[in-house]
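Student: Got a structure here, written out as structure tokens. Questions coming.
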Amino acid sequence: MTRIDRAVATATKAHEGQTRLTGEPYIVHPIAVQKILEDWGMDEDTIIAGILHDTVEDTFLALSEIETAFGKDVAFLVEGVTKLSKARENMRDLSTYLPSTKDNLLKLLLATGQDIRVLIIKLADRLHNLRTITALPPGRQQKIARESLEVFAPLADRLQMSRVRAEFEDIGFRHIDPRRYEFLQNLTETRLKAADRKLNLAKVAVEQALEKEHMPFENSGRVKSMYSLHRKLAKHNQNINRVYDLIALRFVVKDVTSCYLALGVIHSLFTPMDGRIKDYISTPKQNGYQSLHTTVITPEKHIVEFQIRTQQMHEYAERGLAASFHYNEQKLSDAYLKGHVSQLPTHLLWIKELQEASAKLARGEQIDPKKLKLNLFSDKIFVYTPKGDIVDLPKGALPLDFAFRLHTEIGAKATGVKINGKIANLNTKLKQGDIVEILTSKNQTPKVGWFDKLFTSHARQKLRQQLARQQSPHKKPRKPRKKN
Ligand code: MN
């Protein structure tokens, strides 16, 4: 009997006689959570803790028994998930719960943040509850749907689990605003039908060209989720003609070189649109996302977005942090469990900050949540480059955050900023829709005082690197660590 089989047997026995609101035996739920965690490629301890996640709270099973049977790590994870649900119990009342959801969630995160796998189990737990939401009374449905949009989708996003984020958003959105959801779904379908033949022509043309170049590939279409369409339409005055990535054609090729070759192949067939080539391979998005994007105009005057990436980038884009556990299962898990989270890629450093804050709390030290730069649930704003590229930043971001987001060099050489065409102070908070132009000079050097002019931890990190490099100019700049 494997450890997982033993865990299933233990949970089945513990939950015997309990039923879900759907009328099914309760064990259906922990098993579904197990399947989700397996699908995400999580390590064995996390899967076992997922199977046992409701036992301590809802059955006679004691934490000590779990520790004896499955070890300390599993017990720690189950305890973390149990703590999370206990803390939430005090917030059950809808009216008092919702206004401060984000604050409360931050407290919960701090209480359990020493092991991010607790949150991953919680996401799996919530995802299954959401998938079976129709079994709940309408009031609870609304609450769960709102929490999904306001808490769990941003959390999944922070863990770069975009497929999971999209599922939270879509089911949540469908329950909060069913009419709007249906409207957008019909709109998308109509446009898909209208575009189908032309899209297919473009797809086949690229396929044939890639085959001619002997470049193996896989492809898939990607239709934008209803919730992200909803948000994008809000940005474009509800004009769907300005949403170019409603449908994207995605090509997965064998390595990075092939990505650029494929981009060349596409541009030899179609005319690329100005300013819409995005190289997220050499400059990954803040959350670690990598791909090449290009929007082209076909001979039939049809606008098509292509996304090109390697298999590894694809996995990462879809599964995020969970994929890192999968790829480097041993390496990452070991480093992670020993607290060497500095080995995490830069865009996941917020996890380290969370862990350090949690550890302080556990030792009884005071922390000031306002000083944490986790930026976990701060709402995003969208600002534009003078060329019209959109950059999303957390609310509160300053011009230098924007500069470092565009490129480290732009941040390092910044001398000033124009906002909406007017010279502005570097302390000016950026607002939704601002057009931001960073002024630079090649003689500029980064200054320690700039930390006061930064809001995002990403930019702080970049500035720290720049300052360190300045102090030891004879040292060669460190090569960027290989991405997994
Ligand atoms: Mn559960």
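The values are calculated or read from the model by the stated rules, or taken from the named source; none is laboratory data. Predicted model, so just to flag it, every value in this text is computed and none were measured. For neighbour counting, all protein chains shown are included, and Cβ atoms are generated from backbone atoms with ideal geometry for every residue, glycine included. Surface accessibility is based on the protein's heavy atoms, side chains included, excluding ligands, DNA and RNA. Shrake-Rupley method; radii C 1.70, N 1.55, O 1.52, S 1.80 Å.
Student: Starting from the Cα gyration tensor of the range 1-82, take the square roots of the eigenvalues, sort them a ≥ b ≥ c, and report rounded, prolate or oblate (rounded when a/c is under 1.5, otherwise prolate if a/b is larger than b/c, else oblate).
Tutor: Here the range 1-82 falls in the oblate category.
Student: Now for a separate question. Taking R0 as 35 Å, what's the FRET efficiency between Asn425 and Thr257 from their Cβ-Cβ distance, rounded to 0.05?
Tutor: 0.20
Student: Too long at a 31 Å Cα-Cα cut-off: which of Lys143/Lys462; Lys143/Lys418; Lys122/Lys360; Lys301/Lys395; Lys193/Lys278; Lys418/Lys462?
Tutor: Working: Lys143/Lys462 39 Å; Lys143/Lys418 43 Å; Lys122/Lys360 23 Å; Lys301/Lys395 38 Å; Lys193/Lys278 27 Å; Lys418/Lys462 22 Å.
Where the Cα-Cα span goes over 31 Å, the pairs concerned are Lys143/Lys462; Lys143/Lys418; Lys301/Lys395.
Student: Here's another thing I want to ask about it. Sort 292-299, 395-402 by the packing proxy (mean of other Cβ within 10 Å over each peptide's residues), most packed first.
Tutor: 395-402, 292-299
Student: Given axes a ≥ b ≥ c from the Cα gyration tensor, I'd like to know whether the range 392-470 is rounded (a/c under 1.5), prolate (a/b larger than b/c) or oblate.
Tutor: Judged from the Cα gyration tensor, the range 392-470 comes out oblate (a/c at least 1.5, b/c at or above a/b).
Student: While we're on this one: Roughly to the nearest percent, how much of the accessible area of the range 141-210 is carbon and sulfur, given a 1.4 Å probe?
Tutor: Details: 1550 of 3240 Å².
That share works out to 48 percent.
Student: Quick check: with the 1.4 Å probe, what order do Ile31, Ile240 take by accessible area, largest first?
Tutor: Ranked list, largest accessible area first: Ile31, Ile240.
Student: Continuing with this model, one more query. First check a/c for the range 227-309, with a ≥ b ≥ c the square roots of the eigenvalues of its C-alpha gyration tensor; if it is under 1.5, answer rounded, and if not, answer prolate when a/b is larger than b/c or oblate otherwise.
Tutor: oblate
Student: Could you check the simple spin-label distance between Leu361 and Gln471, using points 7 Å along Cα→Cβ, in nm with one decimal?
Tutor: Once both label points are built, they end up 3.1 nm from each other.
Student: Averaged per residue, what accessible area in Å² does the range 397-478 show with a 1.4 Å probe, protein chains only?
Tutor: Heavy-atom accessible area per residue stands at 58 Å².
Student: Residue by residue, what Karplus-based ³J(HN,Hα) values in Hz, rounded to whole numbers, does the range 184-199 have, using 6.51, -1.76 and 1.60 with θ = phi - 60° and x for Gly and Pro?
Tutor: 5, 5, 5, 4, 4, 4, 4, 5, 4, 4, 4, 8, 3, 5, 5, 4
Student: What order do you get for 245-258, 263-276 when each peptide is scored by the mean count of other beta carbon atoms within 10 Å, highest first?
Tutor: 245-258, 263-276
Student: For the range 152-255, what's the relative contact order in percent, using C-alpha pairs closer than 8 Å and at least 6 residues apart?
Tutor: With pairs under 8 Å counted, the relative contact order is 27 percent.
Student: Based on the mean of other Cβ atoms within 10 Å per residue, sort peptides 116-126, 171-181 so the most packed one is first.
Tutor: Taking the mean over residues of other Cβ atoms within 10 Å, the ranking is 116-126, 171-181.
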